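Let me begin by presenting the structure, written as structure tokens, before commenting on it.
The values are calculated or read from the model by the stated rules, or taken from the named source; none is laboratory data. A quick note: this is a predicted structure, and the numbers were derived from the prediction, not measured. Cβ: placed from backbone, ideal geometry, glycine included. Neighbour counts: every protein chain shown. For accessibility, only protein heavy atoms count, side chains too; no ligands or nucleic acids. Shrake-Rupley method; radii C 1.70, N 1.55, O 1.52, S 1.80 Å.
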Amino acid sequence: NLNDPGNAAGLTNITVDGGDPTGSDTLIVNGTAGANTVVYTPASLGGGTVDITGLPSVSFSTTENLVYNGQGGDDDLTVNTFFVDGTQVLTPRCANDAGTLTFQDNNFLAFNATTLEFNNLGGAGSLTLTDVGRFDNLIYNGTALDDVFAVNAAGQVNLNSRIVVNTPSIITLTLAGL
């Protein structure tokens, strides 16, 4: 557990190795109470990076679950799927600024990326799925309520009053009302 809101002088990188046994490691990365720009890049089985502008970069390996807590700062969370061309599944959680993104498959490299759970992004926060082109599929699950999905020409998806989801790397979007 490292909690350093003041960013220790000279600290630029944090490396986390989940080690054995696999299947039970969770890495929690906290943003700040301010608006953060955050990029999660899954890069290998159980590995990747989380970069938050102005804070040390976090690299991790042999870690099965990643949790990002935005602390309500209206964060822009981007998932860079450069190494993960396949199907992602976005499932909303109870709060309007929270969800879980799982990776069902990977047509580019032979690994499934670490699951991302995000919460407390803030009401004006956003989630963006990005890549160098449109190579990915997204299944956006609804809730148990009466859902209203809205998709505009720019590929922004709104579900009820939840945070906006930007889909510039998505070639197939499936809206799965439950």
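Structural remarks
- Within the full protein context, the accessible area of VAL148 is estimated at about 100 Å² for a probe radius of 1.4 Å.
- D by Stokes-Einstein for segment 129-173, Kirkwood Rh over Cα pairs, 4 °C, 1.567 mPa s: 116 µm²/s.
- Rg/Rg_globular for the chain, with Rg_globular taken as 2.2 N^0.38 Å and Rg from C-alpha atoms: 1.00
- For segment 69-144, the Cα gyration tensor yields ellipsoid semi-axes of 23, 13, 10 Å (square root of five times each eigenvalue, largest first, whole Å).
- 5 angstrom amide H check on GLY142, placed H, neighbours 5+ away: ALA176, GLY177, LEU178
- When +1 charges are put on Lys and Arg Cβ atoms and -1 charges on Asp and Glu Cβ atoms, the dipole computed for the chain relative to its Cα centre reaches about 260 debye.
- Distance distribution P(r), segment 103-178, all Cα-Cα pairs, bin width 10 angstrom from 0: 16, 48, 31, 4 percent.
- Karplus-derived 3J(HN,Hα), 6.51/-1.76/1.60, for each residue of segment 161-173, Hz, glycine and proline x: 10, 7, 4, 6, 10, 9, 10, x, 9, 8, 9, 10, 10
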